[in-house]
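Participant: Here it is, the structure, as structure tokens.
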Amino acid sequence: MFAKNDGVCICINRQKLEEHLKNKEGLSFGEVNYLRIKEIPKHLENRADRLPFIKRINFADEREYRVVFATDKYVPVDKSCGYPIEFRSELISGIKFSPDACEAKITEFKGWLSRYDSCTHITASKSRLTDSIRWQNQIKAAFG
């Protein structure tokens, strides 16, 4: 659950992200297509640019979205973080903290966000994924 109690999920506005990336040379982006092995030849149809956007059907639950950089030119890459892409705060719509996160941490983070005009639109909250009583009852039932 989001790397135990210290993890977060950063929610990105996909439309804004795509607009931001659309004119960047060498970048392509999109949803991953989950295929059965026999579907690969038809899907690719000699289009190597589609290869980074396919995975086996077994992984369909991931609903993955990828941003891929490819070029024939030499591009020096910072070994610590890969290919750098400017990432502006308006691309972030929210931050979801782990269900186990400490409320004081979330409050402190909200205070930090409020100090920056460019971040006032970003929501910060604890994930409520595990709050469901039905969910909790099923987990308890599974372990007797």
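The values are calculated or read from the model by the stated rules, or taken from the named source; none is laboratory data. These figures come from a predicted structure and were not determined experimentally. For neighbour counting, all protein chains shown are included, and Cβ atoms are generated from backbone atoms with ideal geometry for every residue, glycine included.
Participant: Return yes when PHE69 is at pLDDT below 90, touching a strand residue (DSSP E or B) at 6+ places or on another chain (Cβ under 9 Å), surrounded by 14 or more Cβ atoms within 10 Å (Cβ to Cβ) and not aliphatic (A, V, I, L, M) and no when it is not.
Facilitator: Yes: the conditions hold for PHE69.
Participant: Continuing with the same structure: Could you give every pair whose Cβ atoms fall below 7 Å, whose first residue belongs to the stretch 84-111 and is touching a residue at least 40 places away in the same chain (Cβ under 8 Å) and within 13 Å of GLY7 (Cβ to Cβ), and whose second residue is among the aromatic types (Phe, Trp, Tyr) and in a loop (DSSP other than H, G, I, E, B), counting only separations of at least 6 or pairs across chains?
Facilitator: Between residues of the stretch 84-111 that are touching a residue at least 40 places away in the same chain (Cβ under 8 Å) and within 13 Å of GLY7 (Cβ to Cβ) and residues that are among the aromatic types (Phe, Trp, Tyr) and in a loop (DSSP other than H, G, I, E, B), the close pairs are SER98/PHE2.
Participant: Taking strands (runs of 3 or more DSSP E) that fall entirely within the stretch 12-115, which contain at least 1 residues that are in contact with an Asp or Glu (Cβ under 6 Å, 6 or more places away or on another chain)?
Facilitator: Per the criteria, 65-69.
Participant: Can you tell me which residues in the stretch 17-30 are farther than 30 Å from ASP100 by Cα, in contact (Cβ under 8 Å) with a residue 12 or more places away in the chain and not small (Gly, Ala, Ser)?
Facilitator: Across the stretch 17-30, the qualifying residues are HIS20, LEU21, LYS24, GLU25, LEU27, PHE29.
Participant: For the subset of the stretch 25-49 comprising residues that are of a type in the set (A, V, I, L, M) and farther than 21 Å from THR71 by Cα, which member is surrounded by the most Cβ atoms within 10 Å (Cβ to Cβ)?
Facilitator: Here the answer is LEU35.
Participant: While we're on this one: Give the residue that is nearest to ARG14 (Cα to Cα), with candidates limited to residues of the stretch 50-66 that are surrounded by 10 or more Cβ atoms within 10 Å (Cβ to Cβ) and basic (Lys, Arg).
Facilitator: Taking the candidates together, the pick is ARG66.
Participant: Sticking with this structure for a sec: Please work out which one of (1) on the phi > 0 side of the Ramachandran plot; (2) under 17 Å from the mean Cα position of the chain (by Cα) is the condition GLY144 fails and give its number.
Facilitator: Of everything listed in (1) on the phi > 0 side of the Ramachandran plot; (2) under 17 Å from the mean Cα position of the chain (by Cα), GLY144 misses just condition (2).
Participant: Only residues that are over 19 Å from ASN13 (Cβ atoms) and either acidic (Asp, Glu) or part of a loop (DSSP other than H, G, I, E, B) (or both): list them for the stretch 116-144, please.
Facilitator: ARG128, LEU129, THR130, ASP131, SER132, PHE143, GLY144 - these are the residues of the stretch 116-144 that are over 19 Å from ASN13 (Cβ atoms) and either acidic (Asp, Glu) or part of a loop (DSSP other than H, G, I, E, B) (or both).
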